[in-house]
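Below is one structure; the comments refer to it alone.
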């Protein structure tokens with residue numbers, strides 16, 4: 001498995017989580033969503049417009065639980081076109097630290113063992129995201145590398161993606177480009193502007209386009225863990241089906257590496273990034 005991961009940049013581990021544990025996490029998220037009032041915030045997350053990258057609600061979410069809607073969640077008058085549970089893009093970015101149920105799920109031994117087995121000497125949980133991919137309006141996620149947004153020196157970002165529901169070709173499963181993770185750094189870098197810490201910029205480090213003809217689909221059943229390098233290019237299509245594709249993602253970094261001060265996601269000095 002380690003050889004396959006080093007070759008491809010991704011490892012698919014089925015049956016890592018029981019159906020019951022996935023359903024319990026989904027049920028708990030439903031409780032959190034029911035306690036959220038859309039009138040409080042109508043922040044949208046989209047990898048196409050990327051408008052959230054300049055919004056304070058997003059930029060200050062590193063140590064909080066924040067709710068982000070799909071781009072097509074609201075009509076022209078600002079009302080939801082679907083129930084709120086089918087309108088959210090994601091909830092992030094510190095579920096693992098701010099909620100006891102997500103904390104317990106995130107810090108299971110199998111998560112730590114996968115991270116250590118894939119080479120992290122001191123795995124730290126930087127961020128967590130609950131991703132809804134709701135029916136009919138679940139947005140496209142363009143091809144990207146997570147290290148673009150999570151920069152360490154040297155690169156150490158590791159994604160742990162849990163399928164809480166079956167992820168299929170119809171409802172927007174992950175796709176990836178195996179073997180394209182061997183470069184030293186990502187091709188883009190998003191960081192905070194040095195003269196304005198409340199805004200970000202994305203810098204092109206390599207102008208080559210991805211060989212999308214080499215992309216492969218990663219449909220997986222509920223309970224699967226997909227582990228992938230921060231340099232592994234991946235994407236997902238829009239979900240136009242009538243079935244959601246809930247997933248839970250952790251992004252880890254190695255505590256032996258330097259997490260730069262100009263990363264967009266920052267924690268308060270009194271609230272440091274923690275491990276398992």
So what's the back-of-envelope 222 nm ellipticity for the chain, counting only DSSP H runs of four-plus at -39500 (n - 2.57) apiece and dividing by all residues, rounded to 500? -4500 deg cm²/dmol
If you wrap a convex hull around the C-alpha atoms of the stretch 160-244 and split its volume per residue, what is the figure in Å³? 140 Å³
Would you work out the relative contact order for the stretch 2-265, in percent, from Cα pairs under 8 angstrom that are 6 or more residues apart? 29 percent
Descending principal axes extents, the chain, alpha-carbon based, whole Å: 47, 47, 40
I'd like the FRET efficiency for residue 80 and residue 170, computed as 1/(1 + (r/R0)^6) with the beta carbon distance as r and R0 of 30 Å, rounded to 0.05. 0.80
With the Cα gyration tensor of the stretch 21-146 in hand, give its eigenvalues times 5 under a square root as the equivalent ellipsoid semi-axes, listed largest first in whole angstrom. 27, 17, 14
Determine Rg/Rh for the stretch 230-270; Rg is computed over alpha-carbon atoms and Rh is the Kirkwood hydrodynamic estimate from the same atoms. 1.11
Which FRET efficiency, nearest 0.05, do residue 209 and residue 21 yield, Cβ-Cβ r, R0 30 Å? 0.15
Between residue 30 and residue 260, what length in nm is gained on full extension when 0.36 nm per residue of separation is reduced by their alpha carbon distance? 79.3 nm
May I ask you to compute the full-extension gain from residue 242 to residue 7, defined as 0.36 nm times their residue separation minus their alpha-carbon distance, rounded to one decimal in nm? 81.0 nm
What is the list of residues in the stretch 209-249 whose amide nitrogen lies under 17 Å from a point 7 angstrom out from the Cα of residue 110, following Cα to Cβ? 220-228, 247-249
How big is the Rg/Rh ratio for the stretch 90-247, C-alpha atoms only, Rh by Kirkwood, two decimals? 0.96
In nm, give the distance between the simple-model label positions of residue 56 and residue 136, each being 7 Å from the Cα along the Cα-to-Cβ direction. 3.5 nm
Looking at the stretch 100-146, I'd like the Rg to Rh ratio, where Rg is from alpha-carbon atoms and Rh is Kirkwood's inverse mean 1/r. 1.08
Sort 178-186, 223-231 for me by packing, meaning the mean count of neighbouring Cβ atoms within 10 Å per residue, highest on top. 223-231, 178-186
Sort 33, 220, 81 by Cβ crowding within 10 Å, fewest neighbours at the top. 81, 33, 220
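Taken together, the values in this text are just the output of simple stated rules run on the coordinates, not laboratory data. Bear in mind that the values here come from a model prediction, so they are computed numbers and not experimental data. Positions of Cβ are generated from backbone atoms using ideal geometry, with glycine treated the same way; all protein chains shown enter the neighbour counts.
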